[in-house]
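Bear in mind these aren't lab numbers, they're just calculated from the coordinates by the rules spelled out. Because the structure is a prediction, the values reported are computed rather than measured. No Cβ is skipped: glycine too gets one built from the backbone with ideal geometry, and neighbour counts run over all protein chains shown.
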Amino acid sequence: MILLSIIIPVYKVEKYIEKCLSSIFSNNIDLSLYEVILVNDGTPDKSMSIVEAYSTKYSNLKIINQANQGLSMARNNGIAMAKGQYVWCVDSDDWISHDCLNLIIKHIREINSDMFAIGLMSVEEKSGKSTYVPFSRDTIKSINCRGKDFLFGNNRLTPTQKYIYKLSFLEENHLVYYPKILHEDAEYCLRALYLAKSVNIIDVPCYFYLQRESGAITKSYSKKNFDDLVVVFNELTKFENKVATEDLIFWRAEKVVCVLMFMLGAMAKVEKQIDHFLFWDNFDKCYKNIISENLWRGLFTKRLNRHSIVMCILYYLSPHILFKHIQKKGL
């Protein structure tokens with residue numbers, strides 16, 4: 001029986017895919033217990049040559065070919081083909097620990113949870129420095145909780161790679177990644193966590209998340225980043241018809257803070273890429289209302305720390321003041 005399906009979108013990762021696949025297949029575990037689904041998202045480089053070489057060695061590796069549709073659709077199409085009880089989206093420039101699959105399979109067998117949250121290491125590509133990213137900004141109170149308790153509990157909610165989802169849970173709740181946007185994780189993870197009846201925390205570093213020097217959306221920002229965050233905000237607003245009345249104040253706070261923190265992160269990085277004076281004028285016209293009208297909601301969540309609150313106030317007063325603060329102090 002297949003217990004776990006690992007979904008890996010492939011696009012322009014010739015430099016990284018070997019390490020990703022090697023990390024998975026170096027795990028000493030019966031191949032019949034899991035499958036690896038590689039989704040070729042129309043990659044133009046030699047990534048698939050590496051994948052195909054692995055497919056001749058490992059019978060549990062499957063390949064899906066599609067025209068380029070973006071990360072969200074690659075994940076959605078891979079999940080649609082999954083045969084495992086649980087699915088885990090792994091990015092092709094990241095890797096997993098050499099002994100984590102046995103641990104994960106053990107949890108799947110013993111615990112019937114809608115979601116598992118696993119430990120994540122952040123790795124700087126240039127220096128190779130690895131840092132464990134704690135789940136919580138406070139202290140984890142329980143390794144088993146309701147999804148909305150995790151969501152509202154001052155925890156780090158993204159990226160989606162830190163979660164392993166029960167396939168039937170995704171299907172019953174019609175959870176799919178929003179297509180052709182950046183920051184799709186924020187929109188997906190918040191909905192999934194709210195709907196999950198149970199989340200089990202595996203506080204062990206299983207996933208290595210590469211902070212790339214170039215090519216990843218976390219290192220390059222444009223107007224599309226901000227436009228797509230507005231899409232995320234609006235989609236999370238539409239979701240409110242599924243949120244219980246007593247949870248609305250906390251849901252709206254998390255929604256605002258999640259989008260706002262991504263926007264603040266983008267503000268800190270956008271300076272070197274575009275004419276920032278023109279950018280701030282356009283930003284002010286396009287996005288200020290969304291932030292200013294909802295900023296107060298962030299005060300209902302612990303995730304907006306003192307520094308973030310200062311940055312929010314500066315933004316409310318003037319984006320230019322905030323920009324100067326970022327230039328001087330950094331985010």
**Prompt:** Using a simple spin-label model with points 7 Å from Cα along the Cα→Cβ vector, what separation in nm is obtained for Glu240 and Gln211?
**Reply:** 3.4
**Fill in**
Note: His174 to Val204 extended length (0.36 nm per residue) minus current alpha-carbon separation gives 7.9 nm
**Message:** Need the full-extension length gain, Glu52 to Asp149, defined as separation in residues times 0.36 nm minus the C-alpha distance. One decimal, nm.
**Reply:** 30.7 nm
**Item:** Separation of the Glu125 and Leu167 label points, Cα + 7 Å toward Cβ, nm
**Value:** 3.3
**Prompt:** Taking the mean number of other Cβ atoms within 10 Å as a proxy for protection, how do you rank 145-157, 117-129 from highest to lowest?
**Reply:** 145-157, 117-129
**Prompt:** Given the pairs Lys19/Lys57; Lys19/Lys223; Lys57/Lys83; Lys106/Lys166; Lys46/Lys129, which are separated by over 25 angstrom at their Cα positions?
**Reply:** Lys19/Lys223; Lys46/Lys129
**Asked** Once both labels are modelled 7 Å past Cα along the beta-carbon direction, what's the Val230-Val133 spacing in nm?
**Response** 2.7
**Request:** Using the charge dipole of the stretch 1-119 (Lys, Arg: +1 at Cβ; Asp, Glu: -1 at Cβ; taken about the Cα centre), state which of Tyr54, Ile118, Tyr11 has its Cα farthest towards the positive end.
**Result:** Tyr54
**Asked** Applying the Karplus parametrisation 6.51 cos²θ - 1.76 cosθ + 1.60 with θ = phi - 60° to the phi angles of the stretch 72-79, what ³J(HN,Hα) value in whole Hz is obtained for each residue in order, glycine and proline being reported as x?
**Response** 4, 5, 4, 5, 4, 5, x, 4
**Asked** How much FRET efficiency would the formula 1/(1 + (r/R0)^6) give for Arg109 and Ile63, where r is the Cβ-Cβ distance and R0 is 25 Å, rounded to 0.05?
**Response** 0.35
**Asked** In a shell of Cβ-Cβ distance under 12 Å around Glu14, excluding Glu14 itself, what net charge do Lys and Arg (+1) and Asp and Glu (-1) give?
**Response** +1
**Message:** Using only the Cα atoms of the stretch 93-252, what are the Rg and Dmax in Å?
**Reply:** 16.2, 47
**Asked** Taking θ as phi - 60°, what are the ³J(HN,Hα) couplings along the stretch 124-132 by the Karplus curve (6.51, -1.76, 1.60), each to the nearest whole Hz, with x for Gly and Pro?
**Response** 7, 5, 5, 9, x, 5, 10, 9, 6
